[in-house]
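The values are calculated or read from the model by the stated rules, or taken from the named source; none is laboratory data. Just so it is clear, the model here is predicted, and its values are computed rather than measured. Positions of Cβ are generated from backbone atoms using ideal geometry, with glycine treated the same way; all protein chains shown enter the neighbour counts. Calculation scope for accessible area: heavy atoms of the full protein, side chains included, ligands and nucleic acids excluded. Shrake-Rupley method; radii C 1.70, N 1.55, O 1.52, S 1.80 Å.
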Amino acid sequence: MSLILSASVVRSRDGLPLSASTDCEQSAGVQECRKYFKTLAKKLTQLPDRCTLNTGKYNINFISSLGVSYMMLCTENYPNVLSFCFLDELQKEFITTYNMMKTNTAVRPYCFIEFDNFIQRTKQRYNNPRSLSGKINLADMQTEIRLRPPYQISLSELGSPNGLPHISHKEYKAPHQRLEPVTLSGIVSFVLSLLCGALNLIRGFHATESLLQNEGEDFSYVIAFFLGTAACLYQCYLFVYCTGWRNIKSFLTFGLICLCNMYLYELRNLWQIFFHVTVGAFSTLQIRLRQPQGKSHDYNV
């Protein structure tokens, strides 16, 4: 059964708990996740503003804004889009209700404990998705998550809640997030990127051979060809695998492709340069369009 188990509001800079709901489950797994809550709370300023930690049977999701973080614990099969809709609703209500000056100067833990009433009511609503019809816009949140997916925190990155290296009984490994199915245009961009990489590689070997035969040849052309090859192959890698900062990496790789072709303008005609740059731009677009799969298919959004 997919459920939100608990939620809390903490101050980002020092992890001071401001408000929290009570857990409806007290199993050993939940108790361990509460320790992960405390560990994450101490590292919020070092993490992006939207993150997910998969601990096996449970997920910890959180968002941060204006010095306050909103965290939740849910079962692993709870839809991702609903999780962040829930956190977004907590954030809007908290910002509306409390002055940020009070949160910055708070000294005592749980000094906004009355906010727990809103957390409990909202949690009950989100644990009964049928009651959410028409009250939240799941499509907007799903689009936002696709364009800017949450950062996936690994257990090895976080470490053990007790400060020791994490060792799972089943040698658990956090699963890689799967990308959306490949489209025809995506396959075309992948093949064209491989082609451009192969062309750059061949020209690079020819430039190396020419350099060995003629001492007057410019070695920088060899570097430009091989950098172009690496950039094309890296775009293929980004298209196939989900990595952190994937969109930014694709734009930087496209920039490297443009720079290499600008430098090689004496060895290539305009049509060749146009082909390589166009393929790089097309591959960058396909990388951006092929985003990690959402978990909201059961809600028809």
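What number, rounded to the nearest 500 deg cm²/dmol, is the helix-based mean residue ellipticity at 222 nm of the chain, given -39500 (n - 2.57) per DSSP H run of at least four residues and division by all its residues?
When only DSSP H runs of four or more count, the value is -16500 deg cm²/dmol.
Which pairs in the list Lys92/Lys249; Lys102/Lys249; Lys43/Lys92 are over 30 Å apart, alpha-carbon to alpha-carbon? Don't skip to the end; give the middle numbers.
Details: Lys92/Lys249 32 Å; Lys102/Lys249 39 Å; Lys43/Lys92 23 Å.
Over 30 Å apart, Cα to Cα: Lys92/Lys249; Lys102/Lys249.
Need one word for the chain: rounded, prolate or oblate. Basis is the Cα gyration tensor (sqrt eigenvalues a ≥ b ≥ c); a/c below 1.5 gives rounded, then a/b vs b/c decides. Spell out each step's value before the answer.
Details: a/c = 2.59, a/b = 2.31, b/c = 1.12.
It is prolate, given that a/c is not under 1.5 and a/b is the larger ratio.
If you count, for each residue, the other Cβ atoms within 10 Å and average over each peptide, how do 85-94, 241-250 line up from highest to lowest? If you can, show how the numbers build up before the last one.
Values: 85-94: 20.3, 241-250: 13.9.
Highest mean packing first, the order is 85-94, 241-250.
Sort the stretch 34-97 into rounded, prolate or oblate with this rule: let a ≥ b ≥ c be the square roots of the eigenvalues of the Cα gyration tensor; rounded if a/c is under 1.5, and if a/c is not under 1.5, prolate when a/b is larger than b/c, oblate otherwise.
On the way: a/c = 2.08, a/b = 1.21, b/c = 1.72.
Cα axes put the stretch 34-97 in the oblate bin.
Put +1 on the Cβ of each Lys and Arg and -1 on the Cβ of each Asp and Glu in the chain; which of Leu199, Leu233, Ile187 then has its Cα farthest toward the positive end of the dipole?
Ile187
Between Lys92 and Ala139, 0.36 nm times their residue separation minus their Cα-Cα distance comes to what? If you can, show how the numbers build up before the last one.
Details: separation 47, 0.36 × 47 = 16.92 nm, distance 1.81 nm.
Answer, rounded to one decimal: 15.1 nm.
Can you give the % of DSSP beta bridges in the chain that are antiparallel, to the nearest 5?
90
Of the heavy-atom accessible surface of the chain (probe 1.4 angstrom), what whole percent is carbon and sulfur?
Working: 10000 of 16650 Å².
Exposed carbon and sulfur together represent 60 percent of the surface.
Could I have the simple spin-label model distance between Leu285 and Arg13, label points 7 Å from Cα toward Cβ, reported in nm to one decimal?
4.5
If the only charges are +1 at each Lys and Arg Cβ and -1 at each Asp and Glu Cβ, what is the size of the charge dipole of the chain around the Cα centre, to the nearest 20 debye? If you can, show how the numbers build up before the last one.
Details: 29 positive and 22 negative charges, 195 e Å.
With Lys and Arg at +1 and Asp and Glu at -1, about 940 debye.
State to the nearest 20 debye the size of the charge dipole of the stretch 1-96 about its Cα centre, where the only charges are +1 on K and R beta carbons and -1 on D and E beta carbons. Write out the running numbers ahead of the final one.
Details: 10 positive and 9 negative charges, 77 e Å.
Once rounded to the nearest 20, the dipole reads 360 debye.
Specify the angular offset, from 0 to 90 degrees and rounded to the nearest 10, of the alpha carbon long axis of helix 219-240 from the longest principal axis of the alpha carbons in the chain.
Between helix and principal axis, roughly 40 degrees.
What's the magnitude of the charge dipole for the stretch 188-285 around its Cα centre, counting Lys and Arg as +1 and Asp and Glu as -1 at the beta-carbon? Answer in Debye, nearest 20. Please report the intermediate quantities before stating the final value.
Working: 4 positive and 5 negative charges, 105 e Å.
Dipole magnitude for the stretch 188-285 comes out near 500 debye.
Taking the simple approach of a point 7 Å from Cα along Cα-to-Cβ for both Asn214 and Ser154, what is their distance in nm?
Label at Asn214, label at Ser154, 4.8 nm between them.
Would you look at the GNM of the chain, springs on alpha carbons closer than 10 Å, and say which of Pro150, Pro48, Pro17 moves the most?
Maximum among the listed residues: Pro48.
For the pair Arg268/Gln31, report the inter-label distance in nm, with labels modelled 7 Å from Cα in the Cβ direction.
It works out to 6.2 nm between the two label points.
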